[in-house]
Amino acid sequence: MIDSELVSRLSYALDLDTEEIQEQEAEYDTSIRPKIKLRYLSHLVATVEDLVNEKKAEVFLQRAPQDEAVLSGHLKTKRLRLYSIVLAPVPFKRKATTRHHKFGAIVFFNASFNDRDKRILIAHELGHIVNRELLLKTDSEGRANLFAFFALNDKNNFYLDEAKKHTFPGRELEIMSSIDAICPILKG
């Protein structure tokens, strides 16, 4: 929970009232943060998912009429997404923009920015998506920046405080021995 002085600063900087800031903070804390914690290694998971998806998509599309029941099952178990967010670095003069479509959104962001600034742009654009699709609030730059603040602050606190619990100070050898301790290969 952010302190009242920071709420006042955000209120002034983003031209939003304090109640709205506290409401969005509560929404972030109860709806978004718990879901983030369930997505361990999400970048790696998404990359593997994309690679496997590309391989299976061709076969699935050929068999789609026979697999309607399977498709329905995937929708019910949330293994198939009807809304996806694609991040697209592009060489353009704008900082970033989001284009919404029937099955999701594409976040276009300026590829020439440094990595830290790209994260800010993406968090801001995700704020627009959250306002439009989840909070059902009138979207504004202030509200998008407020979401960016909560998302980046949460990630920053994770890196500063929580990440230490998830690292291996002994590096490669500690990782290898930890894997072997948790997932041993039984020989013989």
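Miscellaneous remarks
- Residue ID - farthest from residue 25 (Cα to Cα), chosen from residues in segment 133-172 that are at pLDDT below 90, in a helix (DSSP H, G or I) and of a type in the set (Lys, Arg): 171
- Flag for residue 187 being more than 30 Å from residue 84 (Cα to Cα) and modelled with pLDDT under 90: yes
- The set of residues in segment 164-188 that are of a type in the set (A, V, I, L, M) and either touching a Phe, Trp or Tyr at 6+ places or on another chain (Cβ under 9 Å) or touching a residue at least 40 places away in the same chain (Cβ under 8 Å) (or both) contains only 175.
- For segment 106-116, the count of residues that are assigned to a helix (DSSP H, G or I) and either modelled with pLDDT under 90 or assigned by TED's automatic domain parsing to the domain that holds residue 2 (or both) is at least one.
- Breaking point among (1) over 21 Å from the mean Cα position of the chain (by Cα); (2) free of Cβ contacts under 8 Å to residues at least 12 places away in the same chain, for residue 157: (1)
- Test: residue in segment 161-178 that is out of contact with any strand residue (DSSP E or B) (no Cβ under 8 Å at 6 or more places or on another chain), among the basic types (Lys, Arg) and within 30 Å of residue 20 (Cα to Cα): no
- Residue check for residue 120: loosely packed, with under 14 Cβ neighbours inside 10 Å and either among the β-branched types (Val, Ile, Thr) or part of a helix (DSSP H, G or I) (or both): no
- Count - residues of segment 124-156 that are aliphatic (A, V, I, L, M), surrounded by fewer than 19 Cβ atoms within 10 Å (Cβ to Cβ) and touching a Leu at 6+ places or on another chain (Cβ under 6 Å): 0
The values are calculated or read from the model by the stated rules, or taken from the named source; none is laboratory data. The model shown is predicted, which means the values in this text are computed figures rather than measured ones. Because the Cβ atoms are built from the backbone with ideal geometry, glycine has one as well, and the counts that use them run over all protein chains shown.
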